[in-house]
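In what follows, a single structure is set out as structure tokens and then discussed.
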Amino acid sequence: MVFCADRLTGMQLSVIGCGYLGAVHAACMADLGHDVVGIDVDEAKIEALAAGRAPFHEPGFPEILERALESGRLRFTTDPTAAAGAQVHFICVGTPQLDGSDAADLQYVDAAVDSLLPLLRAEHEDGPVVVVGKSTVPSGTAERINAQITPTGARLVWNPEFLREGYGVKDTLYPDRIVYGVTSDESGKAAADVLDEVYADQLRRHIPRIITDMATAQLVKVAANAFLATKISFINAMAEICEVTGGDVTQLAVAIGHDDRIGKLFLKAGVGFGGGCLPKDIRAFAARAEELGRGDSVRFLREVDDINKRRRQRVVDLAVEALDGDVTGKKVAVLGASFKPMSDDLRDSPALDVARRLEALGAHVVITDPEALGNVTKAHPELAQAPDAFAAAKNAELVVLVTEWREYVVLDPEAFGQVVAARRVIDGRNVLDPAKWRAAGWDYRGLGRP
Ligand code: UGA
């Protein structure tokens, strides 16, 4: 067990919001030796977490959750007043896209702050009381929250989170950087010292810690996601160009990626990005910039979004083309439902979107996914599903790979070809070897590949 630097016992922390971010953060903090209470309004989620059941698929999380619960340092509750005993309060609630708008919905952040306000004070027996904002928020939110909590004497640090789903535990325990946005006075310095104590274990490992003002800290997160989304849409735009020039975007990505200034990562062309973060974050960023009168500065993010949306339609168009212009009544196996492998998250999933568009065109879609079928049942009971790729593809006239789960990437085209009605495949993630699949008699179509 790892205890925080120079402490015999951990610090008392509350984590408000127990989704992907909060639940993983709470369990990891308890694993580092802190006393943690996780709070959420969702009773079913709290019941599952308290019983040691992960409410979502996240590799490594069930183990760390179990260990933390067994240690007695982690508990979960729906009672917001349970945060009263904590010195440090982490706000980890979601900021989804507002209905009918591109802006972020801040109602959960506001509710978290409202629930905390009556419990806040300047000092805890162990030192200053600190509220830590981790949710992804539009610029100006931290300053507004700071004005709300300052009268209580508590301090605010904006500490954006960069964890990727599927790597949540690793990214929490071994982040590649830690960012604090603090006020420029003594109070901001004291708050940073408290957070240093929380993250003593990470800081001992010399993980870079960058201290900024609140405005910069909020922007670091949205700028990072905007950059990543732009990189993906850039390579997808090149895929569109490859489609009219006869080039191969996968070779192009390798060739430009050798330049260290460009880098190889996040240059995988395909059906595009999805999930609960990148799509809504770039929209919220553009919407906020417009409110601030600088919409022109990030107008390109609208283009990034449009390129991304076009890739989904491109997969659907390829499917129609592969089926000679009409998908009606034809069986199509869709491999993948989650927005990326190692996750069961369906939020803004390109895979699910493609499946639903094909279904709407009259195809008989059968979807499969190693982890997300439970969520598909809840969200789209109308979609037919099968437990694995072979079952989904039985008698299918077309196979569409849209989430690059390992088990799909390693499919043997010959054995797989035995179950389908026709050997046609659309590789929506450019992860199959076209030569191998074509040699096995498949009509192979990738994105941005000849
Ligand atoms: C993203 C960021 O990567 C995290 O750093 C950030 O903390 C997180 O959002 C967040 O804001 O909370 P995540 O949504 O888990 O993390 O997923 P990514 O791994 O970034 O993938 C996003 C999407 O881009 C996926 O649909 C993936 O398939 C797609 N992608 C990724 C591509 O299409 N091509 C690539 O080359 C890379």
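The values are calculated or read from the model by the stated rules, or taken from the named source; none is laboratory data. Keep in mind the model is a prediction, meaning the values are calculated, not measured. Reconstructed Cβ throughout: ideal geometry from the backbone, glycine too, with neighbour counts over all protein chains shown. Note: areas computed on protein heavy atoms with side chains; ligands, DNA, RNA excluded. Shrake-Rupley method; radii C 1.70, N 1.55, O 1.52, S 1.80 Å.
Can you find a residue in region 30-40 that is assigned to a helix (DSSP H, G or I) and open to solvent by 20 Å² or more (accessible area, probe 1.4 Å)? Within region 30-40 (the criterion being assigned to a helix (DSSP H, G or I) and open to solvent by 20 Å² or more (accessible area, probe 1.4 Å)), the answer is yes, since at least one residue qualifies.
Considering each residue of region 256-279, count those that are more than 9 Å from the ligand (Cβ to nearest atom), out of contact with any Leu (no Cβ under 9 Å at 6 or more places or on another chain) and open to solvent by 30 Å² or more (accessible area, probe 1.4 Å), and give that number.
The number of residues fulfilling the criteria is 6.
E321: exposed (fewer than 15 other Cβ atoms within 10 Å of the Cβ) and in a helix (DSSP H, G or I), yes or no? Spelling it out, E321 is indeed exposed (fewer than 15 other Cβ atoms within 10 Å of the Cβ) and in a helix (DSSP H, G or I).
So if I check each of T183, T216, which one is open to solvent by 20 Å² or more (accessible area, probe 1.4 Å), more than 16 Å from the ligand (Cβ to nearest atom) and under 16 Å from R155 (Cα atoms)?
T183
From the residues in region 189-200 that are out of contact with any strand residue (DSSP E or B) (no Cβ under 7 Å at 6 or more places or on another chain) and of a type outside the set (A, V, I, L, M, F, W, C), which one is surrounded by the most Cβ atoms within 10 Å (Cβ to Cβ)? My answer is E197. Residue count for region 286-310 under the criterion of being within 15 Å of the ligand (Cβ to nearest atom) and open to solvent by 70 Å² or more (accessible area, probe 1.4 Å): the result is 2. The residue that is most open to solvent (accessible area, probe 1.4 Å), counting only those in region 234-247 that are within 13 Å of the ligand (Cβ to nearest atom) and small (G, A, S), is A237. Do the conditions hold for L69, that is, is it assigned to a helix (DSSP H, G or I), open to solvent by less than 40 Å² (accessible area, probe 1.4 Å) and out of contact with any Ser or Thr (no Cβ under 8 Å at 6 or more places or on another chain)? No; evaluated as a whole, the condition is false for this residue. With respect to R283, is the statement that it is assigned to a helix (DSSP H, G or I) and either without any contact (Cβ under 8 Å) to a residue 12 or more places away in the chain or within 16 Å of the ligand (Cβ to nearest atom) (or both) true? Considered against the rule, which asks whether it is assigned to a helix (DSSP H, G or I) and either without any contact (Cβ under 8 Å) to a residue 12 or more places away in the chain or within 16 Å of the ligand (Cβ to nearest atom) (or both), R283 comes out as yes. Selection over region 324-360 of residues that are more than 14 Å from the ligand (Cβ to nearest atom) and in a helix (DSSP H, G or I) gives a count of 6.
Scanning region 236-251 for residues that are assigned to a helix (DSSP H, G or I) and either more than 17 Å from V431 (Cα to Cα) or touching a residue at least 40 places away in the same chain (Cβ under 8 Å) (or both) gives N236, A237, M238, A239, E240, I241, C242, E243, V244, T245, V249, T250. Tell me which residues, restricted to region 328-344, are surrounded by 24 or more Cβ atoms within 10 Å (Cβ to Cβ) and on the phi < 0 side of the Ramachandran plot. The answer is V332, A333, V334, L335, A337, S338, F339, S343.
The listed residues are R177, R209, and the only one of them that is under 28 Å from F300 (Cα atoms), surrounded by fewer than 18 Cβ atoms within 10 Å (Cβ to Cβ) and in contact (Cβ under 8 Å) with a residue 12 or more places away in the chain turns out to be R177. Among the criteria (1) within 13 Å of the ligand (Cβ to nearest atom); (2) open to solvent by 70 Å² or more (accessible area, probe 1.4 Å); (3) part of a helix (DSSP H, G or I); (4) of a type in the set (D, E, K, R), the one K231 does not fulfil is (2).
If you check R423, R347 for being free of Cβ contacts under 8 Å to residues at least 24 places away in the same chain, open to solvent by 10 Å² or more (accessible area, probe 1.4 Å) and either outside the structural domain of Y20 (by TED's automatic domain parsing) or more than 30 Å from M238 (Cβ to Cβ) (or both), only one passes: R423.
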